[in-house]
Amino acid sequence: MATLLRMPEVAAGATEAVLSEWLVKENAPFATGDPIAVVETDKAAVEIAAETDGVILTTLVSGGTSVAVGAPMALLGVEGERVEGERADVEAPNRVFASPLARKLLKEAGVEPAQVRGTGPNGRIVRRDVERALVRPKPDRQQRVRRTVARRLILSKQTVPHFYLTRTARLDDLLALRERLNSVSPHRISINDLVLRAVGVAHTVVPEANVIWTDDAPRRFDSVDVGVAIASERGLVTPVLRGVEKTTPSAIAAQVRTFAQQADEGRLNQADLEGGTITVTNLGMFGVEQFAAIINPPQSAILAVGAAIPTPVVLDGSVGVATCAALTLSVDHRAIDGALAARWLAALVGVLEEPLRLVA
């Protein structure tokens, strides 16, 4: 029995997504768990896996098409199955009306009607719509991702009451510990890896901050799951590290490296991009000394890490030089108030300045 493959809600709250490409051709068999399509969200290109063995009897939308969540994308069935008698009914939920001339022009140009916005009566596609679509350059993937990211950032700033706190941490002891760890670690550990680990420790010290805001109340978590901002070749992504409070710096470094490779190749799973209460974003490697970041809902905070630079400081009553970095915490005021955020940030600075706690 033929079934419809519908656009899943690949991102929380999303109303549409872009079908990037089909990974399986029509009438080619696939097995349960095989990736059959790639769908683009604001965070990554996500593979859609088959729930059962079968074939794609016919695709209803082509690559590059924006599809509403729940709308049909393809008709699936078993090998050898014929559906001519059912096809009209199957396509009805996704049917696009167009004039005969418009359909002729679209067919000659190799463009699917679903890719064209109709301006005729009741949304009917007419000749001028086809002409406009054919001369308008199609946005590439980066543009589509950038537009989606822009929408989510605007939504975050409009609906999440942000406030910001900044502290400076001395990192000389942390740098010394990193050097010793890298002499024995199978994976090279970065400063950002140690910051991620420090966030996990800070959440165990101030567990009240390990929360997100739901529709009408905060929700608290036991495990510390932390997002890490990665500037991949396909755009910005924020996969989530699980159980950071009980993960070694070496294991964190290995997982971040894996995430970065998967992001470049478009192989991140949707599950990798979900969850967490806080994200760490670091622009220090670009020489940025301090910045404030926008929260990634439904998380309640994002930590912006600046460059580690030599800074004049007062040490034991005299002026000296220490390697310092600015840490700016953006916070959702609905879930975390100012005093709680200040306590958490103080705990984080304490861990970074006494880094043996990261390996205790």
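Taking the Cβ-Cβ separation of THR3 and ARG257 as r and a Förster radius of 41 Å, what is the calculated FRET efficiency to the nearest 0.05? Don't skip to the end; give the middle numbers.
Numbers: r = 39 Å, r/R0 = 0.95.
Approximately 0.55, to the nearest 0.05.
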What part of the accessible area of segment 289-360, given as a whole %, is carbon or sulfur when the probe is 1.4 angstrom? 60 percent
Amide H contacts of ALA322 (H built 1.01 Å from N, under 5 Å, at least 5 apart or other chain): THR311, VAL313
Counting pairs of alpha carbon atoms under 8 Å apart in space and at least six apart in sequence, what relative contact order in percent does segment 200-280 give? 33 percent
Residues with amide H under 5 Å from that of THR279, placed H, sequence gap 5 or more: GLY227, ALA301, ILE302, LEU303
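Can I get the semi-axes of segment 135-268's equivalent ellipsoid? Compute them from the C-alpha gyration tensor as square roots of 5 times the eigenvalues, in angstrom, largest first. Don't skip to the answer; put the middle values down first.
On the way: eigenvalues 177, 108, 39 Å².
Equivalent-ellipsoid dimensions as semi-axes: 30, 23, 14 Å.
Going from most exposed to least, what order do THR311, THR168 have by accessible area with a 1.4 Å probe?
Working: THR311 40, THR168 80 Å².
Highest to lowest solvent-accessible surface, that is THR168, THR311.
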Taking Cα pairs closer than 8 Å and at least 6 residues apart, the relative contact order of the chain in percent is 16 percent
Classify segment 233-360 as rounded, prolate or oblate from the Cα gyration tensor: take a ≥ b ≥ c as the square roots of its eigenvalues, call it rounded if a/c is under 1.5, otherwise prolate when a/b beats b/c and oblate if not. prolate
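At a 10 angstrom cut-off on C-beta neighbours, averaged per residue, how do the peptides 296-308, 267-279, 242-254 rank from highest to lowest? Let's see the in-between values first.
Working: 296-308: 22.7, 267-279: 20.7, 242-254: 18.8.
Final packing ranking: 296-308, 267-279, 242-254.
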What distance in nm lies between label points placed 7 Å from Cα along the C-beta direction at PHE221 and GLU208? 2.0 nm
Calculate one ³J(HN,Hα) per residue across segment 270-287 by plugging θ = phi - 60° into the Karplus curve 6.51 cos²θ - 1.76 cosθ + 1.60, and present them in order as whole Hz with x for glycine and proline. 4, 4, 5, 9, 10, x, x, 10, 8, 10, 10, 10, 10, 10, x, 5, 9, x
Residue-ordered couplings for segment 176-189, obtained by feeding phi - 60° into the Karplus form 6.51 cos²θ - 1.76 cosθ + 1.60 and rounding to whole Hz (Gly and Pro as x), are 5, 5, 4, 4, 5, 5, 5, 6, 10, 6, x, 10, 5, 9
Listed residues LEU236, GLN290, THR248: farthest to the positive end of the dipole of segment 210-345 (Cβ charges): THR248
How much of the accessible area of segment 219-267, in percent, comes from carbon and sulfur atoms when a 1.4 Å probe is used? 46 percent
Relative to the longest principal Cα axis of the chain, at what angle does helix 249-265 sit, 0 to 90 degrees, rounded to 10? 30 degrees
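Test of understanding: what is the full-extension gain from THR168 to ALA49, defined as 0.36 nm times their sequence separation minus their Cα-Cα distance? List each step's numbers first, then the result.
Values: separation 119, 0.36 × 119 = 42.84 nm, distance 4.54 nm.
Taking THR168 through ALA49 to full extension adds about 38.3 nm, to one decimal.
For the chain, rounded, prolate or oblate, judged on the Cα gyration tensor with a ≥ b ≥ c (square roots of eigenvalues), a/c < 1.5 rounded, else prolate if a/b > b/c? Mind showing how you got there, number by number?
Details: a/c = 2.62, a/b = 2.22, b/c = 1.18.
Prolate, because a/c is 1.5 or more and a/b exceeds b/c.
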Choose one of LEU194, ALA263, VAL205: the residue whose Cα lies farthest towards the positive end of the charge dipole of segment 191-285 (beta-carbon charges +1 Lys, Arg; -1 Asp, Glu; about the Cα centre). LEU194
If you count only protein heavy atoms with a 1.4 Å probe, what accessible area per residue comes out for the chain, rounded to a whole Å²? 51 Å²
Under 20 Å Cα to Cα from LYS107, which aspartates and glutamates show up? Leave out anything in the same chain fewer than 8 places away. GLU21, GLU26, GLU91, ASP129, GLU131
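The values are calculated or read from the model by the stated rules, or taken from the named source; none is laboratory data. Bear in mind the structure is a predicted one, so any value in this text is a computation, not a measurement. Methodologically, a virtual Cβ is constructed for each residue, glycine included, from the backbone with ideal geometry; neighbour enumeration extends over all protein chains shown. Accessible surface is based on the protein model in full, side chains and every heavy atom, while ligands, DNA and RNA are left aside. Shrake-Rupley method; radii C 1.70, N 1.55, O 1.52, S 1.80 Å.
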